[in-house]
Amino acid sequence: MTDTNDRLGRFLLVAGGTLVALVAAWLLFVEFAADLADLLGILLAFAVAAGAVRMLSGIAGSQFPPYNVAEVGVEGPITRDGGGNNPIPTGPVGATADEIADQIDRADDDPAVDALLVKLNTPGGEVVPSEDIRNAVERFDGPTIAYATDVCASGGYWIASGCDEIWAREPSIVGSIGVIGSRPNVADLADRLGVSYEQFTAGEYKDAGTPLKEIDDDEREYLQSLIDGLYDRFVDRVAEGRELSEGEIRDTEARIYLGTEAAEMGLVDEIGTREDVTDSLEEQLGEEVSVQEFEPQRGPLARVGMGARSVAYAFGAGLASRVTGEDGGLDFRFRA
């Protein structure tokens, strides 16, 4: 059903239903209720008609939905809790991984949705939350398109590689197919402050990576093996989704690329704007495309909290620009 037919169907349903309700109310309250004052009857008739308009508008929206493509955004660092444990945001504040996966599943359950558009502007994030979002994308029954705006790196690319197509802009930053793990080492500082570390553990590697002690070679090898295992998983998932060899993925050495170069390497399918993406979807679906953004519903307190964190990030970014200078070097911090 085309978008024009949908609009016509909604109009006819609401207009026809309202007319029927108005006629019925007029007959009930004006013509057949002689004991009631005509004015009261007219007011009641219009009240019934107004109620019918509200009810039928809701029914029309469900029977003739004004959209056929769902858009879900992945913006800012990808985390399980949205970075709620960090009072100072390290990037643009977006939805949590669980919320994003829920919205993708909700779109999949919506009979009006024929395709999914995943908008990505993220430097990456935590491994398992990124995998959860990708799994939700792969569960979606229909065409899935990833659209990279500014940055689609690391965990963001992990998600994008699970879509049927990846689109990007020419200056978009794409890639960083790698994993990073880090630990602070404050052992020397603790010694200078007279702070000692005493171990009470069961299991040789239970306190591996504790910042108050020097890491030994066995612990370093153990922790590196965890990172290597995650990297192997990352390479395997990207190679599977992009139909590239594992060697081609490893050869990127976790570098980032501009959109045009990423397209030449096969990391991106098409270069284009948002309008180009919707035009392509119209060709695939054979009908006019109308996009509906699916986003989590939050209460007033949650919205205030998210707004405060966004302001904090913007303030921090402003200070950073003053300290480093507008022409300072780029500092990319990608996590997977």
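What follows is calculated from the coordinates using simple rules that are stated; it is not laboratory data. Just so you know, these numbers come straight off a predicted model, no measurement behind them. Using ideal geometry, Cβ is built from the backbone for each residue, glycine included, and neighbour counts are taken over all protein chains shown.
Using the average count of surrounding beta-carbon atoms within 10 Å as a protection proxy, the listed peptides 150-159, 215-224, 193-202 rank, highest first, as 150-159, 215-224, 193-202.
Taking 0.36 nm per residue of separation and subtracting the current Cα-Cα distance, fully stretching the chain between Asp216 and Val20 would add 62.4 nm.
Overall form of the range 178-242: prolate. Here a/c, set by the Cα gyration tensor axes a ≥ b ≥ c, is 1.5 or more, and a/b is the larger of a/b and b/c.
A simple spin-label model places pseudo-atoms 7 Å from Cα toward Cβ; at Asp276 and Ala187 they are separated by 5.2 nm. Spin-label model, Glu253 to Gln224: label points 7 Å out along the Cα-to-beta-carbon direction sit 1.7 nm apart. Listed from fewest to most Cβ neighbours within 10 Å, the set Leu230, Leu267 follows the order Leu230, Leu267. Were the residues from Ser290 through Asp207 laid out at 0.36 nm apart, the gain over their Cα-Cα distance would be 24.5 nm.
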